[in-house]
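The values are calculated or read from the model by the stated rules, or taken from the named source; none is laboratory data. These figures come from a predicted structure and were not determined experimentally. Cβ coordinates were reconstructed from backbone atoms using ideal geometry, including for glycine residues, and neighbour counts include every protein chain displayed.
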Amino acid sequence: PAVAASPHGAGVTLSALVASPSGGQRAKRVRKRRPDDNTGVKFEDNQGGNRRDERVVAAVGSRGSADDDPDADLNMRVGYAEDVINAGLAVRNSNIPYIDPDRVAVLGRSMGGGVVYQALAIAPGVFDAAITYASVSSDPVDNFNRWQRERYEIGNRILKAYGEPKRNPELWARMSSRNYFDRVTEPVLAFHGTNDRTCDIEWARETQQALEEAGVDARLVEYKGADHYFYGPWDDSIRQVGAFLRKHLA
């Protein structure tokens, strides 16, 4: 299986780190095939080899992830979701011999969890399974009120573009991945700590309820007393991730 994260969009070449369970790490180049090619990017094996590892992890940074990118906030991270989708398609189209393109999962933590939910709703079927850790809310109103409203410049730009959530609820609802969960085809495993002071546990519960109501095969694992960083339950969560992937990527 391959767990993929987000390359850039059209015309940009990036370096990504691809790690194998045995500790070997290989640098890959990720390239958009053509500016008008919506099938995404391409992974190229720069070092050759015919290794077939049990699991390969590919991690590539999202556009602007290292910078304070106000456009990413204004666009509700939809560009990040596009990058994650392109990464999944890149793995699907890969000819690297030790990657199985038919068994692909995606994992996102915190903001990345919200991006995963967006990607699943926008492009169902790109991935075979999804995992989130301590995710932000699947409702952009929660995220706006928590992080952006008090940031004067970006908060004002967002309000100017979309209006107050209470005054323009239909538009804000259309930006919520939660309202498109009926499109999701992948099983979802979510982890969240009950003492998470960054991303409220109620957000995870509401997301889980919405997934279940949409008929998604979804499970939320709550760790009592755990905070945003999962220091205590990390090992247990990894064991559960392994079982989840063995079940759904068999």
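Among the residues making up region 95-129, those that are under 17 Å from H228 (Cβ atoms) and among the aliphatic types (A, V, I, L, M) are L107, M111, V115, V116. Total residues in region 171-198 satisfying the condition of being touching a Ser or Thr at 6+ places or on another chain (Cβ under 6 Å) and either under 20 Å from V241 (Cβ atoms) or β-branched (V, I, T) (or both): the figure is 2.
In region 199-250, how many residues are among the aliphatic types (A, V, I, L, M), within 13 Å of L189 (Cα to Cα), out of contact with any Pro (no Cβ under 7 Å at 6 or more places or on another chain) and part of a helix (DSSP H, G or I)? Residues flagged as among the aliphatic types (A, V, I, L, M), within 13 Å of L189 (Cα to Cα), out of contact with any Pro (no Cβ under 7 Å at 6 or more places or on another chain) and part of a helix (DSSP H, G or I) within region 199-250 amount to 5. Restricting region 60-92 to residues that are outside any helix (DSSP H, G or I) and at pLDDT 75 or above, the residue that is nearest to V116 (Cα to Cα) is R77. Residues that are of a type in the set (D, E) and either without any contact (Cβ under 8 Å) to a residue 12 or more places away in the chain or in a strand (DSSP E or B) (or both) within region 124-175 comprise E150, E164, E170, listed in sequence order. V116 passes every criterion in (1) assigned to a helix (DSSP H, G or I); (2) touching a Gly at 6+ places or on another chain (Cβ under 7 Å); (3) β-branched (V, I, T); (4) touching a residue at least 60 places away in the same chain (Cβ under 8 Å) apart from (4). Inside region 231-241, residues that are over 18 Å from the mean Cα position of the chain (by Cα) and within 21 Å of Y117 (Cα to Cα) make up a count of 1.
Listed here are the residues, each with its yes/no results for (1) among the β-branched types (V, I, T); (2) over 18 Å from the mean Cα position of the chain (by Cα); (3) at pLDDT 95 or above; (4) closer than 25 Å to H248 by Cα.
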site	(1), (2), (3), (4)
S177	no, no, yes, yes
T185	yes, no, yes, yes
G193	no, yes, yes, yes
R197	no, yes, yes, no
A204	no, no, yes, yes
A210	no, no, yes, yes
E213	no, yes, yes, yes
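Residues in region 160-183 that are within 19 Å of V136 (Cβ to Cβ) and surrounded by 13 or more Cβ atoms within 10 Å (Cβ to Cβ): Y162, P165, W172, A173, M175, S176, S177, R178, N179, Y180, F181.
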